[in-house]
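The values are calculated or read from the model by the stated rules, or taken from the named source; none is laboratory data. The structure displayed is predicted, hence computed values, not measured ones. When we count neighbours, we look across all protein chains shown, and the Cβ atoms used for this are built from the backbone with ideal geometry, even at glycine. Note: accessible area is taken over every heavy atom of the protein model, side chains too, but ligands, DNA and RNA are not part of it. Shrake-Rupley method; radii C 1.70, N 1.55, O 1.52, S 1.80 Å.
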Amino acid sequence: MSGVSVAGPRWQVAVADHVRSLAWSSDGARLLVVPATGAIAIHHGADGSVVRTWEGHRDGSCSGAWSPTGELLATAGQDGRAWIRDTAGDSDVAIEVGRGWSEHVAWSPDGRLVAIANGRLARVYTLTGTLLADCGPHPVTVAAMAWSSRGWLATAAYGGVWLWRPETGEQRSYAWKGAPIGLAWSADGSHLAAAMQDSAVHVWRIADHRDWDLHGFPDKVRALAWEPKRPILITPGGADLAVWRFDGSDPNGQPPVVLAQHEAPVMALAVSGTPQLFATGDRAGQVVRWRNGRAEVLATFADSISAMAWNVHHGSLAVGTADGTVAVFA
Amino acid sequence: MPDSDRIPVTVLTGFLGAGKTTLLNHILTGQHGRRIAVIENEFGEIGIDDRLVIQAEEEIFEMNNGCICCTVRGDLIRILGNLMRRRDRFDHILVETTGLADPAPVAQTFFVDSDMRANFRLDGVVTLIDAKHILQHIDEAPEAKEQIAFADVILLNKTDLVETAELDRLEARIHGINAMARVHRTTRAKIDLAAVLDVGGFDLSRALEVKPTFLEPEYPFEWAGAFTCAAGPHRLRCTGDGSDADVAIAVLAISSAADLRLAAEQAVAADLRAAPRLRPGNTIVPGVAWHRVPLEPAGQTIDLGLDLAAGTYAILCEHRPDEVGLTLLAGDRQVDPVAEVGFAGHDHDAEVTSVGIEESAPIDLAKLNAWLGALLRERGVDLFRTKGIINIAGDDRRLVFQGVHMLFDAQPDRPWTGPRLSQLVFIGRNLDREELVEGFRACRA
């Protein structure tokens, strides 16, 4: 281990249980914590105190996300429902999305629409809970969903990825023989990356349908993200991280930069608003901050890291664990 | 994660109507003190309003990992991935497959995915069989045979609708396909839950207790009957129907009807191919030897003499008695068997069989890896299941492994107690016993 240990977290609290999602409010002042079961809560970013709580979804909550523009947040769970919560007031909207689990939630970049994945559909709602469009049905359950800065909603399911513009009905598909488990858009919306069940990553360039198959990972890629400015993709597959550049002519033939510090598989990844500054957390509870390719060990928790979120306003990093700890590092 | 911390998973297979729902209801309502999560795939069948029952559609994903038969259940990875995160951990997971499902993808899921492998262990595959209709299914649907071949435990259900002799024949046929499975006869799927939930997939020694002959080649005969005879001359009568020129028969003295299987073991050791061909009127002397009784001309009754002392005798026959008109006569009176056993026919289900191997010499780990690796790569499509407990040279722990098609999972287990005997079982299509035995023997250290 060559990492440098730094000071402990600014604050740390125990929450209901396994942390499914963490999300910072658009002003960076509050942190949304969605545990697998138990209460969903908003904590003050400064000291961790609880601002508000809501009952979790019956049978378990799956995900939560803060609107990019305002005071709303959305959660989805195994009761098949989604909630749009007004954190400034009390005008909450409950949506009966479908019979099966509602597993993923994604806000459009303008904050006017929210997409909920339920079974083979991605259902898109307005802020009042009115169904605007159904994206699908997909051949099997939607495994991941992400909205690009250019307004495309991407969905992934066994057999490929699909792009949708719910307001116009425009649709594209990119077939790939594989089972995606995660999706990430580059910040400029030019590239889409999908992590695959069989320990590979597939990348599409949207403009010309060009695609790349990245493989050789020792384990499946459980988290992936792009750097904030240029199309540089970070893919932890197992303990090591591979960093791929898509800003040149062709990443083929260029081996990725490999970053080694973790000794256990990486479970979560958070990118900051600054190039070459991001953080990773592994199954053994270790959290590492990467700056210009150098590792700093921030902390080691008692259980696996399960969620991470970087506050782009204040530069602080939120970390959640499988045994229900949430900590924020300055 | 230590093996004991991994949550056991039981896979329940069986055709529609075999009794899976009935068994699930027993498990969900039974007083067993375990928290069981059920993932079931046939919508609307379960009448229990229980939060632990999750309905899902089977989503089968092919993997691009160079393994042509490698498929997993994507829905299970997703659902179990969610259950894993809940605070209220389950003690046991039960996965019900649809009636016509191939059990391979669900079993492979627990070998292929690293999270599934870390958090769950496949405890056993339990296959329910409708005793009344299975023969029809075996002959018409390959899935029925696959479900039998994959099983660790088979519940031969609805036995109240079928005669005992027919059940014996069914059980023999099942063992002909899968010699490793423990077979329980049930009505309304009533069974001690430990027999289906605590299978301990690796525990070959328990399978051996149940069926001591399971490492033997298949029996070269189909039937054995026990007869209680008074002293005096008897006649063994056969009538051919034109399909065979002769039939091999052996007559052995046994101490009681309970020794019928023992007589069968003795008869296996005798060379059936060396049996002399008798003529009508010849006399058979009881002993561990085979005789060929002529069945020609077709339709004609052939009698052979048997001079017996008072006692119990086992008569073993290459075919079922009704196929060759086999009867035993004392004077003109027919003697009926007091017990009978059916064995897997040598010409049935030849394409799906089991091969068991035992070896007491220590095995070289590197040689074993190379041999098994090549075998699974080349023959994996035909190998449904592979299991073994291996005596590795220089290691005082048992190496246990199990495989599904091309995938396998091996780990050192507890230290040996008792004799260090390697045991290996293959269940699959078109297995070559000699090739497998020689391959394994070549791995000796």
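Some values worked out for this structure:
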| read-out | value |
| --- | --- |
| Meets criteria (at positive phi, under 22 Å from the mean Cα position of the chain (by Cα) and surrounded by fewer than 21 Cβ atoms within 10 Å (Cβ to Cβ)) for residue A:28 | yes |
| Odd one out for residue B:192, checked against (1) closer than 18 Å to residue B:24 by Cβ; (2) touching a residue at least 12 places away in the same chain (Cβ under 8 Å); (3) among the charged types (D, E, K, R) | (2) |
| Subset tally (residues that are open to solvent by 40 Å² or more (accessible area, probe 1.4 Å) and within 14 Å of chain B (Cβ to nearest Cβ)) for the stretch A:36-48 | 1 |
| Scan of the stretch A:168-177 for residues that are part of a loop (DSSP other than H, G, I, E, B), within 17 Å of residue A:139 (Cβ to Cβ) and touching a residue at least 24 places away in the same chain (Cβ under 8 Å), ordered by number | A:176 |
| Single residue of A:33, A:51 found to be buried (at least 20 other Cβ atoms within 10 Å of the Cβ) and part of a strand (DSSP E or B) | A:33 |
| Near pairs, Cβ below 7 angstrom, 6+ apart or cross-chain, from the stretch B:147-166 (in contact (Cβ under 8 Å) with a residue 60 or more places away in the chain) to any residue that is surrounded by 24 or more Cβ atoms within 10 Å (Cβ to Cβ) and of a type in the set (Phe, Trp, Tyr) | B:149/B:384; B:150/B:384 |
| Sole exception among (1) open to solvent by 40 Å² or more (accessible area, probe 1.4 Å); (2) under 30 Å from residue B:108 (Cα atoms); (3) touching a residue at least 12 places away in the same chain (Cβ under 8 Å) for residue B:384, by number | (1) |
| Residue count, the stretch B:375-423 (criterion: part of a strand (DSSP E or B) and more than 22 Å from residue B:123 (Cα to Cα)) | 1 |
| Residue list for the stretch A:120-140, restricted to those being closer than 24 Å to residue A:223 by Cβ and free of Cβ contacts under 8 Å to residues at least 24 places away in the same chain | A:140 |
| Hits in the stretch B:139-166 (condition: open to solvent by 10 Å² or more (accessible area, probe 1.4 Å) and in a helix (DSSP H, G or I)) | B:139, B:140, B:142, B:143, B:145, B:146, B:159, B:160, B:161, B:164, B:165, B:166 |
| Verdict on residue A:75 being more than 21 Å from the chain's Cα centre (by Cα) and not in a loop (DSSP other than H, G, I, E, B) | no |
| Hits in the stretch A:303-330 - residues which are more than 16 Å from residue A:43 (Cα to Cα) and within 11 Å of chain B (Cβ to nearest Cβ) | A:304, A:306, A:322, A:323 |
| Candidates B:426, B:440, filtered to the one that is assigned to a strand (DSSP E or B) and of a type in the set (Phe, Trp, Tyr) | B:426 |
| Test for residue A:64: is it at pLDDT 95 or above and part of a loop (DSSP other than H, G, I, E, B) | no |
| Subset tally (residues that are touching a Gly at 6+ places or on another chain (Cβ under 9 Å) and among the polar types (S, T, N, Q)) for the stretch B:352-389 | 3 |
| Residue in the stretch A:263-270 that is of a type outside the set (Val, Ile, Thr), within 14 Å of chain B (Cβ to nearest Cβ) and more than 15 Å from residue A:325 (Cβ to Cβ) present | yes |
| Checklist (1) among the small types (Gly, Ala, Ser); (2) open to solvent by less than 10 Å² (accessible area, probe 1.4 Å); (3) closer than 20 Å to residue A:293 by Cα applied to residue A:264, failing item | (2) |
| Residue check, residue B:366 open to solvent by 30 Å² or more (accessible area, probe 1.4 Å), modelled with pLDDT of 90 or more, outside any loop (DSSP other than H, G, I, E, B) and out of contact with any Cys (no Cβ under 6 Å at 6 or more places or on another chain) | yes |
| In the stretch A:144-167, the residues that are part of a strand (DSSP E or B) and among the charged types (D, E, K, R) | A:165 |
| Search result, residues across the stretch A:71-88 that are open to solvent by 20 Å² or more (accessible area, probe 1.4 Å) and either within 14 Å of chain B (Cβ to nearest Cβ) or small (Gly, Ala, Ser) (or both) | A:79, A:88 |
| Within the stretch A:178-260, strands (runs of 3 or more DSSP E) holding 3 or more residues that are among the charged types (D, E, K, R) | A:210-214 |
| Counted residues, the stretch A:11-24 - those being buried (at least 16 other Cβ atoms within 10 Å of the Cβ) and either of a type in the set (A, V, I, L, M) or at pLDDT below 95 (or both) | 7 |
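Conditions (1) surrounded by fewer than 18 Cβ atoms within 10 Å (Cβ to Cβ); (2) in contact with a Ser or Thr (Cβ under 8 Å, 6 or more places away or on another chain); (3) on the phi < 0 side of the Ramachandran plot; (4) not in a loop (DSSP other than H, G, I, E, B), marked per residue:
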{"position": "B:280", "(1), (2), (3), (4)": "yes, no, yes, no"}
{"position": "B:307", "(1), (2), (3), (4)": "yes, yes, yes, yes"}
{"position": "B:314", "(1), (2), (3), (4)": "no, no, yes, yes"}
{"position": "B:322", "(1), (2), (3), (4)": "yes, no, yes, yes"}
{"position": "B:329", "(1), (2), (3), (4)": "yes, no, yes, yes"}
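One line per residue, one yes/no per condition, for (1) open to solvent by 10 Å² or more (accessible area, probe 1.4 Å); (2) within 11 Å of chain B (Cβ to nearest Cβ); (3) among the polar types (S, T, N, Q):
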| site | (1), (2), (3) |
| --- | --- |
| A:192 | no, no, no |
| A:204 | no, no, no |
| A:208 | yes, no, no |
| A:211 | yes, no, no |
| A:219 | yes, yes, no |
| A:239 | yes, no, no |
| A:247 | yes, no, no |
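A quick yes/no check of all residues on (1) open to solvent by less than 20 Å² (accessible area, probe 1.4 Å); (2) within 14 Å of chain B (Cβ to nearest Cβ); (3) on the phi > 0 side of the Ramachandran plot:
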residue: A:91; (1), (2), (3): no, no, no
residue: A:96; (1), (2), (3): no, no, no
residue: A:119; (1), (2), (3): no, yes, yes
residue: A:124; (1), (2), (3): yes, no, no
residue: A:127; (1), (2), (3): no, no, no
residue: A:138; (1), (2), (3): yes, yes, no
residue: A:142; (1), (2), (3): yes, yes, no
residue: A:145; (1), (2), (3): no, yes, no
